[in-house]
Structures are given as C-alpha cells and as structure tokens.
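> Quick one: the structure is below, questions incoming.
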Amino acid sequence: MIKARFFTTDNKICGYEISGHSGSAESGQDIICAFVSSAAYMAANTLSEIVGAEIKADVSDGFMKITVLSDLSDAQQILEGLRLHLGSLAGDYPDNIKVI
C-alpha cells in the first residue's frame, strides 16, 4: 500500500512523505504507482522551479520526502492541491493508497 503523509506547522502544510507500492501490478506496470509518482514529482518540481521555494528532497525507490524550507505561504496551494489529488485517488483505490 502507498502511504502519503502530510506534515504541518502553524496550520500550514510544510511537506509530505510518500512511501510504499500499491501492489496492483508488477513494478513498471503499476498504473496506480505511476499516478502517485507523477503527482508527487509535479508538486516537488512546481514548488522548486515555478514557485521558487527552497525544498529539501529525499528520494529513493518507493520513497519520497519533500520538506519546504522557505516561506510556506507561497507553497500552500501546491501542497493543498497534492493532498486533494492524492485523497481523490485514495477514494478511488482504497486498497492501494492511504492519505494520512
């Protein structure tokens, strides 16, 4: 199961951690993992390259942790959008994704 955790400080999202595999198909063929990975990378890239937020990234197979180190107000819409998107996917695939 994929677990997505969102971290907050002062009622603002300051980062996220996504770990695990959905288990719905073999590695490289798992469309649910592809959905989540694509959304997570898009959020991280948008935060750093478009918004200009300073982030710390830790990424390995089946794991991504992004922490926003700069002003959180500029990052909130991106992070809220990711949480909304992953929550919607968790509703569609409750056996494969859990948002915490």
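The values are calculated or read from the model by the stated rules, or taken from the named source; none is laboratory data. As the structure is a prediction and not an experimental result, all values here were calculated from the model. Here Cβ is always computed from backbone atoms with ideal geometry, including for glycine, and neighbour counts include all displayed protein chains. The protein model used for the area step is the full one, side chains on, heavy atoms only, and it has no ligands, DNA or RNA in it. Shrake-Rupley method; radii C 1.70, N 1.55, O 1.52, S 1.80 Å.
> Among the residues of the range 56-74, are any at pLDDT 95 or above and touching a Phe, Trp or Tyr at 6+ places or on another chain (Cβ under 7 Å)?
Looking through the range 56-74, at least one residue is at pLDDT 95 or above and touching a Phe, Trp or Tyr at 6+ places or on another chain (Cβ under 7 Å).
> Take the residues of the range 1-36 that are part of a helix (DSSP H, G or I) and free of Cβ contacts under 8 Å to residues at least 12 places away in the same chain: which is most open to solvent (accessible area, probe 1.4 Å)?
Only one residue fits best here, namely I31.
> Counting only residues that are over 13 Å from the mean Cα position of the chain (by Cα) and on the phi > 0 side of the Ramachandran plot, how many does the range 10-20 have?
2
Conditions tested, residue by residue: (1) aliphatic (A, V, I, L, M); (2) free of Cβ contacts under 8 Å to residues at least 12 places away in the same chain; (3) at negative phi.
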residue	(1), (2), (3)
A40	yes, no, yes
N45	no, yes, yes
K56	no, no, yes
D61	no, yes, yes
L86	yes, no, yes
G91	no, yes, yes
K98	no, no, yes
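> Another question about this same structure. In the range 53-78, which residues are among the polar types (S, T, N, Q) and within 18 Å of D10 (Cβ to Cβ)?
Within the range 53-78, T67, S70, S73, Q76, Q77 qualify.
> Quick check on my filter: what residues within the range 41-77 are of a type in the set (D, E) and closer than 13 Å to I18 by Cβ?
D58, D61
> Further, regarding this structure: Select from the range 21-49 the residues that are modelled with pLDDT of 95 or more and more than 11 Å from the chain's Cα centre (by Cα) and list them in ascending order.
Residues satisfying the conditions are N45, T46, L47, S48, E49.
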